[in-house]
1. Could you tell me whether any residue of the stretch 117-127 is at pLDDT below 80 and in contact with a helix residue (DSSP H, G or I) (Cβ under 7 Å, 6 or more places away or on another chain)?
2. Which one is surrounded by the most Cβ atoms within 10 Å (Cβ to Cβ), of the residues in the stretch 110-138 that are among the β-branched types (V, I, T) and farther than 14 Å from E88 by Cα?
3. If S158 meets every condition in (1) modelled with pLDDT under 85; (2) more than 20 Å from K14 (Cβ to Cβ) apart from one, which number is that one?
4. Look at the stretch 38-94 and say how many of its residues are of a type outside the set (S, T, N, Q), within 19 Å of R20 (Cα to Cα), surrounded by 13 or more Cβ atoms within 10 Å (Cβ to Cβ) and within 17 Å of the chain's Cα centre (by Cα).
5. State which residue pairs qualify: first residue surrounded by fewer than 16 Cβ atoms within 10 Å (Cβ to Cβ) and inside the stretch 198-223, second residue modelled with pLDDT of 85 or more and of a type in the set (S, T, N, Q) in any location, beta carbons under 6 Å apart, and separation of 6 or more residues or different chains.
Amino acid sequence: MEKNITEKEQFFSKISHDLRGSFTSILGFSDIISDPNEELSRDEVDEFVKRIASQSRDSFELLVNFINWLKLEKFKYGLANEKIDLLELFYDVQNHKKKELLKKNVSFVTAIAENDFVRMDYEILNSILNNIFNFIAKTCCENSKIKVNSGSLENKYSNIEISASCYQKDNSFLQNIDLKNLNNEISFPLIFAAKFVELCEGEFRFNLTKENNLSIQLKLPKY
């Protein structure tokens, strides 16, 4: 228990540090744009606006994850158990990440039955999938294919598998990801996704081949 508390405190400390750094950058960029003495060109203003938008989006997602984690730990049994259509939710998440994934010309192959439902809090499940796709969007190869499959498991759970081809200049980067301890920035989303699944009494598995093809498996309560 003491080890878990220490790890959580270190993780939350890292989150707090990143949030402070991100908001400091946003405020700094805003001050530059609003300062008439800077005499920025249109291109320079556009570049700062893009940076502010990117930092704001990352900070918002990190803050939402932080809130959801606290909500799961403090109010776990007060969460809504909703009937959620997996196929519909996956389409929503894909569309949310569409712009980012189109830059890499990533395609989707989805094999989820129309009557496949899970019993969870909608915000939590949406956060789990968003974190997974955040990770994939940052690590998948150009022109790669993301495959999503689902099926019943033990009549009480839905088993979801998400696979994709990934790459890094240093092949050990992804191979060494530790979901219990934050060891690089990109592993942030996976840590949140894994923790949220665990707190919802499901299972999260992450596998990576030597060729950097990843497979993420989720075991979630079936409706």
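1. Kept after step one, since they are at pLDDT below 80, are these residues of the stretch 117-127: none.
No, the stretch 117-127 contains no residue that is at pLDDT below 80 and in contact with a helix residue (DSSP H, G or I) (Cβ under 7 Å, 6 or more places away or on another chain).
2. Within the stretch 110-138, the first condition is being among the β-branched types (V, I, T), and the residues that meet it are 110, 112, 118, 124, 128, 132, 136.
Subsequent filtering for residues that are farther than 14 Å from E88 by Cα retains 124, 128, 132, 136.
On the way: I124: 20, I128: 27, I132: 25, I136: 24.
Looking at the filtered set, the residue picked out is I128.
3. Every condition holds for S158 apart from (1).
4. The qualifying residues number 7.
5. Here the result reads R205/Q217; N207/S215; S215/S163, each pair linking the stretch 198-223 to a residue that is modelled with pLDDT of 85 or more and of a type in the set (S, T, N, Q).
The values are calculated or read from the model by the stated rules, or taken from the named source; none is laboratory data. Keep in mind that this is a model prediction, so the values were computed, not measured. When we count neighbours, we look across all protein chains shown, and the Cβ atoms used for this are built from the backbone with ideal geometry, even at glycine.
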